[in-house]
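Below: the structure, in structure tokens.
The values are calculated or read from the model by the stated rules, or taken from the named source; none is laboratory data. All figures in this text were calculated on a predicted structure; none of them were measured in a lab. A quick note on method: Cβ atoms are made from the backbone with ideal geometry, for glycine too, and the neighbour counts reach across all protein chains shown. With ligands, DNA and RNA removed, areas are computed over all heavy atoms of the protein, side chains included. Shrake-Rupley method; radii C 1.70, N 1.55, O 1.52, S 1.80 Å.
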Amino acid sequence: FQLLSVSLLDENDVPVNVISVERPTKLRIGYSTAVPHFKFRCCARFYTQGTCAFITLEAVETVRERPGLYYSTLHLAGNLLAEGDYTVGISVFASRGKKLNYCLVDDVVAFQVYDPVTGNSARGDYTEGLIGVMRPQLEWDLEYAGTEIPS
């Protein structure tokens, strides 16, 4: 296994290091394998504000049938991350009874997330500071229950 590249890409597959909180983004890991039937999984660790914001990994170990160049791409939805500076670490491993690390690299990519405050993010039109390392845009409902207040 040889790690060749790690890139943060916009929707048009253009490398970026500053992204809008509203836009989807991709993390693309390029690597080569030298042996056939090589089975492992890729993992990405996202850090911000001095802590691990989250870890994501391929759900199953996948066999790379032939030696050669491969790309594993992680799709990050818009309105997931909060504004701030992030770094990404990459881990590639197999876990057959015990963990076999093929690659473990910290701070392989650094990027910044900003919120243009268009009203289309989790913060809506609220412009004051918000804490937290993630800011998913979640659904809220409002229901009118009448004028009678329960006692």
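The residues packed around Ile131, meaning those with a beta-carbon under 13 Å from its beta-carbon, carry a net charge of 0 if Lys and Arg are +1 and Asp and Glu are -1. Once both labels are positioned 7 Å from their Cα atoms along Cα-to-Cβ, the gap between Asp107 and Ala59 label points is 3.5 nm. Accessible surface area normalised per residue over the chain is 63 Å², counting heavy atoms of protein chains with a 1.4 Å rolling probe.
Find, among the trypsin sites (Lys or Arg not before Pro) in region 54-114, those assigned to loop by DSSP (not H, G, I, E, B) with at most 10 other beta-carbon atoms within 10 angstrom. Listed in order of number, the matching sites are Arg96, Lys98. Recomputing mean projected area of the Cα convex hull in nm² from the coordinates shown identifies the correct label among (1) 10.6; (2) 13.9; (3) 15.4 as (2).
Subtracting the Cα-Cα distance of Ser5 and Lys39 from 0.36 nm times their residue separation leaves 10.3 nm of extension gain.
The calculated FRET efficiency for the pair Thr87 and Leu142, based on their C-beta separation and a Förster distance of 30 Å, comes to about 0.20. Just name one of Gly78, Phe54, Ser91: the one whose Cα is farthest towards the positive end of the charge dipole of region 46-109 (beta-carbon charges, Lys/Arg +1, Asp/Glu -1). Working it through, the farthest residue towards the positive pole turns out to be Ser91.
The protection proxy used here, the mean number of other Cβ atoms lying within 10 Å of each residue, ranks peptides 20-26, 3-9 as follows, highest first: 20-26, 3-9. With the highest mean first, a sort of the peptides 31-44, 133-146 on other beta-carbon atoms found within 10 angstrom per residue produces 31-44, 133-146. Each Lys and Arg adds +1 at its Cβ and each Asp and Glu adds -1 at its Cβ; summed about the Cα centre, the chain shows a dipole of about 1240 debye.
With a Förster radius of 25 Å, plug the Cβ-Cβ distance of Cys52 and Glu128 into 1/(1 + (r/R0)^6) and report the FRET value to the nearest 0.05. Efficiency, rounded to the nearest 0.05: 0.45. Electrostatic bookkeeping for Val21 treats Lys and Arg as +1 and Asp and Glu as -1; over the other residues with beta carbon under 9 Å from its beta carbon, the sum is 0.
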